[in-house]
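The values are calculated or read from the model by the stated rules, or taken from the named source; none is laboratory data. Given the structure is predicted, the values throughout are model-derived calculations rather than measurements. Quick reminder, even Gly has a Cβ in these numbers, built from the backbone with ideal geometry, and neighbours come from all protein chains shown. Ligands, DNA and RNA are excluded from the accessible area calculation, which covers all protein heavy atoms including side chains. Shrake-Rupley method; radii C 1.70, N 1.55, O 1.52, S 1.80 Å.
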Amino acid sequence: MVNLSGIGAHLSDGPGPAGANYHNERAFNLIGDTHVLHLRPGLFYSNFYAAADMIRYQHMIGNNFDENIRLALSHPADIAHTAFKAIHYQAFSGKDSVYVVSAEITGKEIAETLGKAANIPDLKWVEFPDEVLFENLLKQGMTAEMAKTYIIDMGIALRSGTLLEAYFNEGEGAIEGAVSFEKFAEDFAEVLK
């Protein structure tokens, strides 16, 4: 069995999907006579598409954490490739987890890379206060529960280091994705045209 989990799955009460992933991993590990591999990708590259208008019109991108926070990001194609290989070759046994990370990058580097690819040289990463970001998410149509759980709380966990601490402490066996952030930025720039 190959389970799509997530990078914060070490947190039993983690933000966003992290807590659910923790409990799912434990439940799947209880299944007898079954080999289980939990894939723990980072934050998805594709999440940046939600910021396309802000990038295009305001020349900013950001979240509720500092531009120097180092993130672990994953391209969906890298996750799919890793899942396919694991299922096709059945190259795992027992109960295990593996991180699938395409890039480690800071918010500042994200802004610089996207800005260069999209010909927006003044693109900056902005750290929004929690309450400001929350109110803007509500104005964009997100429910209060979704905004708090999947954006605000995730940002707080990134700020504190808890979301990625297991990856940065144990991630030396991570599967490195093939899609660089620079390649994603080129694709992303096409959306901004």
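Show the residue pairs meeting these rules: Cβ distance below 6 Å; 6+ apart or different chains; first residue within segment 96-108 and under 24 Å from GLU127 (Cβ atoms); second residue small (Gly, Ala, Ser) and open to solvent by 20 Å² or more (accessible area, probe 1.4 Å).
Here the result reads VAL101/ALA174, each pair linking segment 96-108 to a residue that is small (Gly, Ala, Ser) and open to solvent by 20 Å² or more (accessible area, probe 1.4 Å).
Exactly one of (1) within 30 Å of ASP33 (Cα to Cα); (2) modelled with pLDDT under 95; (3) in contact with a helix residue (DSSP H, G or I) (Cβ under 9 Å, 6 or more places away or on another chain); (4) not polar (S, T, N, Q) is unmet by LEU192. Its number?
Single failed check for LEU192: (1).
If ASP78 satisfies every condition in (1) surrounded by fewer than 16 Cβ atoms within 10 Å (Cβ to Cβ); (2) within 21 Å of VAL179 (Cα to Cα); (3) among the charged types (D, E, K, R) but one, which is the exception?
All conditions are met except number (1).
With the structure loaded, tell me whether ILE175 is modelled with pLDDT under 95 and either of a type in the set (D, E, K, R) or open to solvent by 40 Å² or more (accessible area, probe 1.4 Å) (or both) or whether it fails that test. Before you say what the answer is, go through the steps one by one.
Values: modelled with pLDDT under 95: yes; either of a type in the set (D, E, K, R) or open to solvent by 40 Å² or more (accessible area, probe 1.4 Å) (or both): yes.
Against the criterion (modelled with pLDDT under 95 and either of a type in the set (D, E, K, R) or open to solvent by 40 Å² or more (accessible area, probe 1.4 Å) (or both)), ILE175 qualifies.
Could you please let me know if THR34 is out of contact with any Asp or Glu (no Cβ under 8 Å at 6 or more places or on another chain), within 15 Å of GLY6 (Cβ to Cβ), open to solvent by less than 70 Å² (accessible area, probe 1.4 Å) and not charged (D, E, K, R)? Explain how you work it out, then say what you get.
Values: out of contact with any Asp or Glu (no Cβ under 8 Å at 6 or more places or on another chain): yes; within 15 Å of GLY6 (Cβ to Cβ): no; open to solvent by less than 70 Å² (accessible area, probe 1.4 Å): yes; not charged (D, E, K, R): yes.
For THR34, the condition - out of contact with any Asp or Glu (no Cβ under 8 Å at 6 or more places or on another chain), within 15 Å of GLY6 (Cβ to Cβ), open to solvent by less than 70 Å² (accessible area, probe 1.4 Å) and not charged (D, E, K, R) - is not met.
Checking THR149 against (1) of a type in the set (Ser, Thr, Tyr); (2) open to solvent by less than 20 Å² (accessible area, probe 1.4 Å); (3) assigned to a helix (DSSP H, G or I), which single condition isn't satisfied?
For THR149, the failing item is (2).
State whether the residues of segment 70-81 include one that is free of Cβ contacts under 8 Å to residues at least 40 places away in the same chain and farther than 16 Å from TYR150 by Cβ. Working first, answer last.
In the first step, residues of segment 70-81 are kept if they are free of Cβ contacts under 8 Å to residues at least 40 places away in the same chain; the result is 76, 80.
In the following step, the residues that additionally are farther than 16 Å from TYR150 by Cβ were identified as 76, 80.
Checked segment 70-81: at least one residue is free of Cβ contacts under 8 Å to residues at least 40 places away in the same chain and farther than 16 Å from TYR150 by Cβ.
Listed here are the residues, each with its yes/no results for (1) among the aliphatic types (A, V, I, L, M); (2) within 17 Å of SER74 (Cβ to Cβ).
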position: LEU133; (1), (2): yes, no
position: LYS139; (1), (2): no, no
position: SER160; (1), (2): no, no
position: PHE184; (1), (2): no, yes
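Kindly indicate the residue of segment 81-124 that is of a type in the set (S, T, N, Q) and out of contact with any Lys or Arg (no Cβ under 8 Å at 6 or more places or on another chain) and also farthest from ALA189 (Cα to Cα) among those meeting that condition. It would help to see each step written out before you state the result.
Within segment 81-124, the subset of a type in the set (S, T, N, Q) is 82, 90, 93, 97, 102, 106, 113, 119.
Narrowing further to those that are out of contact with any Lys or Arg (no Cβ under 8 Å at 6 or more places or on another chain): 82, 90, 93, 102, 113, 119.
Values: THR82: 26, GLN90: 37, SER93: 41, SER102: 19, THR113: 10, ASN119: 8 Å.
Per the criteria, the residue is SER93.
Checking TYR167 against (1) under 18 Å from the mean Cα position of the chain (by Cα); (2) under 21 Å from ASN3 (Cα atoms); (3) not in a helix (DSSP H, G or I); (4) not basic (Lys, Arg), only one condition comes out false. Which one?
All conditions are met except number (3).
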